Amino acid sequence: MVLLAVSFICFLIFRFTGDPVLMLAGKYATQQEREQVRIAYGLDRPFYVQYANFLGNALKGNFGKSYISQVDALDTILERFPATFELALTAIFISLAAGVLLGVVVSIKPGSLVSRAIMAGSLGGISIPTFLMGILWVMLFAVYLEWLPPFGRGETVQIGPWRTGFLTLDGIKHIIMPALTLSGYQLAVILRLTRAGMREVLSEEYIKTAWSKGLSPFTVIVKHALRNVLIPVVTIAGLSFGELIAFSIVTESIFQWPGMGNLLLVSIFETDHPVIVTYIMMAAFIILAINILVDLLYAWLNPKIQYN
Amino acid sequence: MKHKLMTFILAAMLVMPGMALAKSELVIAVDSPPKSMNPHSYNSDANLSYMANFFDGLLQRPAPEGKLAPALATDWARKDALTWEFKLRKGVKFHNGNPFTAEDVKFTFERMKDPEFSKFLNIANSIASIETPDDFTVIFTTEKPVPWFAETMHQNFIVDKESSLERDSGDYNTKPIGTGAYTFVEWVKGSYIRMEANPDYWEGAPVFKTVEIKPITEAATRFAAIATRQAHILSGVPIPMIAQIKKNPAVEVVSRPARRAIYMDIGNKPGTPFADIRVRKAIAMAINEDEIVSTVMRGQATATAQVPDTATIGYDPDLKRLPYDPEQSKALLKEAGYENGFEITIAGPNDRYVNDKQICEAVARYLARVGLTVNLDVKPKSIFFDELSSNKHDFYLIGWMDGSYDFGRSAQLLLHTVDPDKGLGVYNGAMYSDPALDEMIIASSAILDRDERRAALQAINKKSVEDIAWIPLHYQQDVYAVSTAVDVTFIPRPDRWIVAKEIKK
């Protein structure tokens, strides 16, 4: 249902984003040649016929061919999926690990200088736009310090259909900056969420009991407090994972990361409708799938919740 | 399991140094990714630039002037108004080993007529028949006189008939098989294209054995790429960052005037203020182009009085810009009866040319100063060009460069009265119309003699400038950065193609 609505809205929007035929026919084309192209691409048919046709084919798993490259639109996008997935995975890993760790640190000693600095930094993470953050990272670590490469994926290894950058040192060096940039916002959110949760839990009776039993601070904080805090944190992280995959567009274009977001931007620029609509459908699908998965995981983590 | 994974990762890291050595001898960063490896899939210089490394045309245009020179054809002649004969080079082989013959040429131009494979319909459809009397002669007969036919032969790349027919379209669109100086190694979309020198190239093997071209669409990232020496040559240096790049001792900035001219298109539609030449003149004189070049373009542009560039047949070195003179402009408006100005809308794209939006804004300010009421209407190119084809705008910014180096086609598309059925005036969005000029344009296409033709095209060019059929602003500048750390001699081309065989040590 959602997918249907999404695809319909896409088609509606395309009516206002310019005529792809103008570009496809080339700049020296005459009116007749433009019409010839229009017919060849089926763009002469009325809107509802085009849409019905698209739906019919999409159900069979055929999302059409890219106008520009004449290669299957879904293949074009899937080819870019590993890059985006690895980037999102690294980003979510960074934001979870650093976010939870810092969140715990901040909640244990809320008044200390370190905590105040971390909280101030997290405000920056939430409010500095991704593109600015990315460019600042590049200027600092690539141009001035020359520690990290400024763009691209570096050396990659192809394993079956999956091209990975995790297996080479060069690939790992290349992923650090984009992943940091992409994780910025999530990191701040997770940090704040952990902190809020920890402060609430730490004042609960059972934690006081644990302290009075004389358990070590590590056991109390990690085993007793953190476990309960993690449930909402994991939920948020899970939900945002889908978004990271689907909307890493800005980060990918700053770092020339060869992922799906980069492809989408180029396709929009070229009015390549089949690629755009397939991408948006896929983004919607990923987000839906992850929401369902997180709901299931939630039930598993917290036995109090049950779905009938 | 965990152990196995760790060992695997460690092993992978050990092989790493070996992989690092596999880096290409020459790395070139450009601003536009390739769309397809089918040489006829996309008629833009950005894509043709990649194709020129894998394929050859019948002719070529070597740097720096871009004068027409032999390539797969050794000789060519216009036999009469409709007939063109090309003598082909012998002993050339495609990358798959197939010999190059007249059959391949015939097949290529026939395939170019098919919209499924080709965006070069215009030139292909102008061909009525192709004859191949022997293996190394091709005779084209065109439907009507196409004086610039040979002038486009550097960008109509020849494909191998046999393998093109055998392969499915997915393979054909991703793995190029040509006769070019480089053979295709790998295309990782969004990352790079790798290629290897073709040892059997008919011009001799190129100097750099392995070349990698990396597209980087974001301007700030391109800057970082050259600043961190991740690329040896960078095409499309972002103009705001030129000053910083020039400061870097490891990098040398190379620039040359581009072929593309930026101009304001204006019409003479009856019933509009533009019908009066005094108004057109007043607008032209109100625009301070020198200031646009020095401030908006930061010196990276060359003011021009005409649209064709110096390499184009029809360029007239004697044409001069109208002087910038706001007082005279106001006087002319008054004379024409527009003492209190009139409402004018300046349209233009905001994502197509260098600083296009800023130029429109500057023009708006100049026109406001001479008393016109100005509206600004800049928008993304996909919408703007759509509106142009329905002749919505009377005054707009646009750029032009003709792939053929012949002003004849430009004049037909840009200056001739709008006539969609005949394919004339397709880009005459402001609907300028002058029957006398139309006649000159049509008459010029039948002239065979090159010098005579040059004179006729110059006359058309001159008339259009004098009658202010358009207001030329400037030629863009192509700016490159070349690393001084490696031994590279790079000479930019007028068409901005990156032709690796022309890059020497």
(Q) On the basis of being buried (at least 20 other Cβ atoms within 10 Å of the Cβ) and either facing chain A (nearest Cβ under 9 Å) or of a type in the set (G, A, S) (or both), does B:L372 make the cut? (A) no
Q) Any idea which residue in the stretch B:91-133 is nearest to B:P176 (Cα to Cα), counting only those that are polar (S, T, N, Q) and in a loop (DSSP other than H, G, I, E, B)? A) B:N96
Q.
When the residues of the stretch B:302-334 are narrowed to those that are in a helix (DSSP H, G or I) and of a type outside the set (A, V, I, L, M, F, W, C), which ends up surrounded by the fewest Cβ atoms within 10 Å (Cβ to Cβ)?
A. B:E327
Q. What number goes with the only condition from (1) closer than 27 Å to A:I68 by Cα; (2) charged (D, E, K, R); (3) buried (at least 19 other Cβ atoms within 10 Å of the Cβ) that B:E186 does not pass?
A. (3)
(Q) I need the full set of residues from the stretch B:229-247 which are within 12 Å of chain A (Cβ to nearest Cβ) and either in a helix (DSSP H, G or I) or modelled with pLDDT under 85 (or both), in order please. (A) B:R229, B:M241, B:Q244, B:I245
Q: Among the residues of the stretch B:282-301, write down those that are crowded, with 17+ Cβ neighbours inside 10 Å and outside any helix (DSSP H, G or I).
A: B:I287, B:N288, B:M297, B:Q300, B:A301
Q.
Suppose the filter is surrounded by fewer than 21 Cβ atoms within 10 Å (Cβ to Cβ) and closer than 30 Å to B:V188 by Cβ; does B:E85 pass it?
A. no
Q: Write out, first by first residue and then by second, each pair whose Cβ atoms fall under 8 Å of each other, whose residues are 6+ apart or on separate chains, and whose first residue, in the stretch A:246-270, is in contact (Cβ under 8 Å) with a residue 40 or more places away in the chain and farther than 21 Å from A:T164 by Cα while the second is part of a loop (DSSP other than H, G, I, E, B) and among the hydrophobic types (A, V, I, L, M, F, W, C).
A: A:S267/A:I68; A:E270/A:I68
Q) Could you list, in sequence order, the residues of the stretch A:242-272 that are at pLDDT below 85 and in a loop (DSSP other than H, G, I, E, B)? A) A:F247, A:E270, A:T271
Q: Output the number of the condition that B:T179 fails; it satisfies all remaining conditions of (1) crowded, with 21+ Cβ neighbours inside 10 Å; (2) assigned to a strand (DSSP E or B); (3) polar (S, T, N, Q).
A: (2)
Q. Out of the stretch B:58-79, which residues are touching a Pro at 6+ places or on another chain (Cβ under 9 Å) and either surrounded by 21 or more Cβ atoms within 10 Å (Cβ to Cβ) or under 26 Å from B:P99 (Cβ atoms) (or both)?
A. B:L58, B:L59, B:Q60, B:R61, B:A69, B:W76
Q.
Suppose we keep only residues that are over 17 Å from B:S44 (Cα atoms) and more than 9 Å from every other protein chain (Cβ to nearest Cβ) within the stretch B:388-405. Which one would you say is nearest to the chain's Cα centre (by Cα)?
A. B:L397
Q: Given the conditions (1) closer than 25 Å to A:T164 by Cβ; (2) within 14 Å of another protein chain (Cβ to nearest Cβ); (3) crowded, with 19+ Cβ neighbours inside 10 Å; (4) not hydroxyl-bearing (S, T, Y), report the number of the one that A:A237 does not fulfil.
A: (2)
Q.
Could you check the stretch B:53-79 and list, in sequence order, the residues that are among the aromatic types (F, W, Y) and under 16 Å from the mean Cα position of the chain (by Cα)?
A. none
Q: Looking only at the stretch B:83-93, decide whether some residue is under 25 Å from B:K35 (Cβ atoms) and either among the small types (G, A, S) or not assigned by TED's automatic domain parsing to the domain that holds B:V138 (or both).
A: no
(Q) For the condition more than 8 Å from every other protein chain (Cβ to nearest Cβ) and over 11 Å from B:K501 (Cα atoms), what is the one hit in B:P199, B:P206, B:P215? (A) B:P199
Q | Hey, B:L424 at pLDDT 90 or above and either more than 12 Å from every other protein chain (Cβ to nearest Cβ) or within 24 Å of B:M153 (Cβ to Cβ) (or both) or not | A | no
Q. What number of residues in the stretch B:428-444 are crowded, with 20+ Cβ neighbours inside 10 Å and either within 20 Å of B:S126 (Cα to Cα) or in contact with a Phe, Trp or Tyr (Cβ under 6 Å, 6 or more places away or on another chain) (or both)?
A. 2
Q: Just give me the residues in the stretch A:52-68 being away from chain B (no Cβ under 12 Å) and surrounded by 12 or more Cβ atoms within 10 Å (Cβ to Cβ), in sequence order.
A: A:A52, A:N53, A:F54, A:L55, A:N57, A:A58, A:N62, A:F63, A:G64
Q. Going by the structure shown, is B:D449 outside the structural domain of B:Y396 (by TED's automatic domain parsing), of a type in the set (D, E) and modelled with pLDDT under 95?
A. no
**Q.** Matching option when the condition is in the same structural domain as A:A225 (by TED's automatic domain parsing), in contact with a Lys or Arg (Cβ under 9 Å, 6 or more places away or on another chain) and surrounded by 13 or more Cβ atoms within 10 Å (Cβ to Cβ), among A:V106, A:V21, A:V37
**A.** A:V106
Q: Kindly indicate whether B:V279 is surrounded by fewer than 20 Cβ atoms within 10 Å (Cβ to Cβ), modelled with pLDDT of 90 or more, touching a Phe, Trp or Tyr at 6+ places or on another chain (Cβ under 8 Å) and more than 14 Å from every other protein chain (Cβ to nearest Cβ).
A: no
Q) Considering the stretch B:426-444 alone, what residues qualify as being aliphatic (A, V, I, L, M) and either touching a residue at least 60 places away in the same chain (Cβ under 8 Å) or within 21 Å of A:Q32 (Cβ to Cβ) (or both)? A) B:V426, B:A430, B:M431, B:I441, B:I442
Q | Breaking point among (1) in contact with a strand residue (DSSP E or B) (Cβ under 7 Å, 6 or more places away or on another chain); (2) within 14 Å of chain A (Cβ to nearest Cβ), for B:N122 | A | (1)
Q: Report yes if A:F247 is under 28 Å from A:Y67 (Cβ atoms), aromatic (F, W, Y) and more than 14 Å from every other protein chain (Cβ to nearest Cβ), otherwise no.
A: yes
Q) Quick one: which of B:D406, B:D386, B:D394 is within 28 Å of B:D438 (Cβ to Cβ) and surrounded by 22 or more Cβ atoms within 10 Å (Cβ to Cβ)? A) B:D406
**Q.** Residue satisfying all of: in the stretch A:125-153; in contact (Cβ under 8 Å) with a residue 40 or more places away in the chain and away from chain B (no Cβ under 14 Å); surrounded by the most Cβ atoms within 10 Å (Cβ to Cβ) among these
**A.** A:G125
Q.
Can you list residue pairs whose Cβ atoms sit under 7 Å apart, with the first residue in the stretch A:37-51 being away from chain B (no Cβ under 14 Å) and farther than 14 Å from B:K119 by Cα and the second being surrounded by 12 or more Cβ atoms within 10 Å (Cβ to Cβ) and among the small types (G, A, S)? Count only pairs 6 or more apart in sequence or on different chains.
A. A:Q50/A:G42
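The values are calculated or read from the model by the stated rules, or taken from the named source; none is laboratory data. None of these values were measured; they are calculated from a predicted model. Here Cβ is always computed from backbone atoms with ideal geometry, including for glycine, and neighbour counts include all displayed protein chains.
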